[in-house]
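Enquirer: Right, I'll just put the structure down here and ask away after.
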């Protein structure tokens, strides 16, 4: 049994029943064979075994009271995975699907994503199986306060700096920050994604969506192509999807789809982004309400999706931007995209493509931007927010956006060069994994056995 496969086998024994975590680990480790062969020191110093085991796993009970006086109980998590490059950095996800496996997969991915930015941040992730949907502001506030009452003792501006993720926006960050300040008596940059009124950064909300499009722009540039006049499939309708669509329009492309948990909107003439923002950011209603304004659009309910995939990926377009959730793009979806003429995929969600779908894209040699590289714009801008907090400055939207654009170009070039160095030009999966691994692994070697 090879060194890599023995590591994976041992991991499955010590961390049983964590399918999403195994998927993330296997995707990374399978790419690392070339660098592990070229530098035996990584094996001798057990870097892989140390990387797949979090430095700290925190699990806790979150009790809160709903509007009817009923006591509710949820699980809370914070996985502090690796701090070789800096304080742990990664979002908090509030969603009923959250469990230890999902948080560990997200945290493991975050190590390499953060390393690729070139910024001094380690990898971590957290969250709860609490579902904010359908809850009042008062219920969400009480949950967030209870969550932070446990979490506060494990975080700090130079140790662990959480951000938002699915189900955690400015409202939730505000409630948690208020509780942190109440308990500690300190006003410090312990959370990112804050309101602009009290320490947030301009362009943070837009960063992941903008970044995934900037990454696509760089993938096309090496082929002397651009996004102008390209039709684009986008999944999701949260911040990542909304601001990916916004940037696509700014660069002359045309997004024709978006989706949510109820189904997919297909609008051949182009998605009405103003309406989507109103539906999702203000009224918070389902996408089927889009048809009330645009009779020429089509809504595909989720119960009409193909059994082996998702409707959004079965439509004809030039480019695809998966911005919803993990494993939303199957191997059959990938085959349909390629058959329909799609030549570029840039991932806005975390691990949105299954391993079989990834293999299909890589084998077809189309432009494929894996999530750990393509969606790193959010965490990069979170670190810029940390920098502004520590220096007590506020940067302009233009300055932050320019830094974001530079960071995404650097991430692309780093992954692109690593792929070429190890004999697989254009394979950004291999390039991103090797480049991220090398930066973290070399730091771990220099810091000794810790």
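Enquirer: Would you tally the residues in region 23-58 being buried (at least 22 other Cβ atoms within 10 Å of the Cβ) and within 16 Å of residue 448 (Cα to Cα)?
Expert: So the answer is 3.
Enquirer: Hey, does region 130-151 have a residue that's modelled with pLDDT of 95 or more, over 25 Å from residue 199 (Cα atoms) and crowded, with 19+ Cβ neighbours inside 10 Å?
Expert: Checking region 130-151: at least one residue is modelled with pLDDT of 95 or more, over 25 Å from residue 199 (Cα atoms) and crowded, with 19+ Cβ neighbours inside 10 Å.
Enquirer: Just to be sure I understand, how many residues within region 262-296 are surrounded by fewer than 19 Cβ atoms within 10 Å (Cβ to Cβ), in contact with a helix residue (DSSP H, G or I) (Cβ under 7 Å, 6 or more places away or on another chain) and part of a loop (DSSP other than H, G, I, E, B)?
Expert: Result for region 262-296: 3.
Enquirer: List every residue pair whose Cβ atoms sit under 7 Å apart, with the two residues 6 or more apart in sequence or on different chains, where the first one lies in region 388-402 and is in a helix (DSSP H, G or I) and the second, anywhere, is loosely packed, with under 12 Cβ neighbours inside 10 Å and modelled with pLDDT under 95.
Expert: Listed by first residue and then by second, the contacts come to nothing, as the list is empty.
Enquirer: When you scan region 209-228, do you find a residue that is within 16 Å of residue 281 (Cα to Cα) and not in a helix (DSSP H, G or I), even just one?
Expert: No; the residues of region 209-228 include none that is within 16 Å of residue 281 (Cα to Cα) and not in a helix (DSSP H, G or I).
Enquirer: Could you list, in sequence order, all residues of region 355-387 that are free of Cβ contacts under 8 Å to residues at least 40 places away in the same chain and touching a strand residue (DSSP E or B) at 6+ places or on another chain (Cβ under 7 Å)?
Expert: Let us first name the residues in region 355-387 that are free of Cβ contacts under 8 Å to residues at least 40 places away in the same chain, namely 356-357, 359-361, 363-364, 366, 387.
Once the filter is applied, which keeps residues that are free of Cβ contacts under 8 Å to residues at least 40 places away in the same chain and touching a strand residue (DSSP E or B) at 6+ places or on another chain (Cβ under 7 Å), region 355-387 yields 357, 361, 366.
Enquirer: Can you say whether residue 448 is closer than 25 Å to residue 48 by Cα and free of Cβ contacts under 8 Å to residues at least 12 places away in the same chain, as far as the supplied structure shows?
Expert: Yes; evaluated as a whole, the condition is true for this residue.
Enquirer: Restricting to region 299-324, give me the number of residues that are outside any helix (DSSP H, G or I) and closer than 29 Å to residue 215 by Cβ. If you could, list the steps in order and put the result at the bottom.
Expert: Here is the first cut: in region 299-324, the residues outside any helix (DSSP H, G or I) are 299-301, 305-310, 315-324.
Subsequent filtering for residues that are closer than 29 Å to residue 215 by Cβ retains 300, 305-306, 308-310, 315-324.
Residues in region 299-324 being outside any helix (DSSP H, G or I) and closer than 29 Å to residue 215 by Cβ: 16 in total.
Enquirer: Kindly indicate whether residue 328 is modelled with pLDDT under 95 and out of contact with any helix residue (DSSP H, G or I) (no Cβ under 8 Å at 6 or more places or on another chain).
Expert: Considered against the rule, which asks whether it is modelled with pLDDT under 95 and out of contact with any helix residue (DSSP H, G or I) (no Cβ under 8 Å at 6 or more places or on another chain), residue 328 comes out as no.
Enquirer: Now for a separate question. For the subset of region 93-104 comprising residues that are crowded, with 24+ Cβ neighbours inside 10 Å and farther than 18 Å from residue 161 by Cα, which member is nearest to the chain's Cα centre (by Cα)?
Expert: 102
Enquirer: Return yes or no: is residue 425 within 19 Å of residue 23 (Cβ to Cβ) and not assigned by TED's automatic domain parsing to the domain that holds residue 164?
Expert: So residue 425 fails the test.
Enquirer: Looking at region 105-125 only, could you name the residues that are surrounded by 24 or more Cβ atoms within 10 Å (Cβ to Cβ) and over 13 Å from the mean Cα position of the chain (by Cα)?
Expert: Matches in region 105-125: 115, 116, 117, 121, 122.
Enquirer: Output the residues belonging to region 406-424 that are farther than 22 Å from residue 85 by Cβ and surrounded by 15 or more Cβ atoms within 10 Å (Cβ to Cβ).
Expert: The answer is 424, and nothing else.
Enquirer: For region 421-436, check the following and say yes or no: at least one residue is farther than 20 Å from residue 25 by Cα, without any contact (Cβ under 8 Å) to a residue 24 or more places away in the chain and assigned to a helix (DSSP H, G or I).
Expert: Checked region 421-436: at least one residue is farther than 20 Å from residue 25 by Cα, without any contact (Cβ under 8 Å) to a residue 24 or more places away in the chain and assigned to a helix (DSSP H, G or I).
Enquirer: Go over the candidates 396, 382 one by one and state the one that is surrounded by fewer than 17 Cβ atoms within 10 Å (Cβ to Cβ) and either at pLDDT below 95 or outside the structural domain of residue 219 (by TED's automatic domain parsing) (or both).
Expert: 396
Enquirer: Is it the case that region 223-231 has a residue that's within 23 Å of residue 388 (Cα to Cα) and touching a strand residue (DSSP E or B) at 6+ places or on another chain (Cβ under 6 Å)?
Expert: Checked against the condition, which is being within 23 Å of residue 388 (Cα to Cα) and touching a strand residue (DSSP E or B) at 6+ places or on another chain (Cβ under 6 Å), region 223-231 yields no hits at all.
Enquirer: Tell me, yes or no, whether region 352-367 has at least one residue that is modelled with pLDDT of 95 or more, assigned to a loop (DSSP other than H, G, I, E, B) and more than 24 Å from the chain's Cα centre (by Cα).
Expert: no
Enquirer: Would you check if there is a residue in region 83-92 being surrounded by fewer than 21 Cβ atoms within 10 Å (Cβ to Cβ) and out of contact with any strand residue (DSSP E or B) (no Cβ under 6 Å at 6 or more places or on another chain)?
Expert: Scanning region 83-92, I find no residue that is surrounded by fewer than 21 Cβ atoms within 10 Å (Cβ to Cβ) and out of contact with any strand residue (DSSP E or B) (no Cβ under 6 Å at 6 or more places or on another chain), so the answer is no.
Enquirer: Checking the conditions here, which among 348, 341 is more than 16 Å from residue 407 (Cα to Cα) and assigned to a loop (DSSP other than H, G, I, E, B)?
Expert: 341
The values are calculated or read from the model by the stated rules, or taken from the named source; none is laboratory data. Fair warning: this is a prediction, and the values are worked out from it, not measured in the lab. No Cβ is skipped: glycine too gets one built from the backbone with ideal geometry, and neighbour counts run over all protein chains shown.
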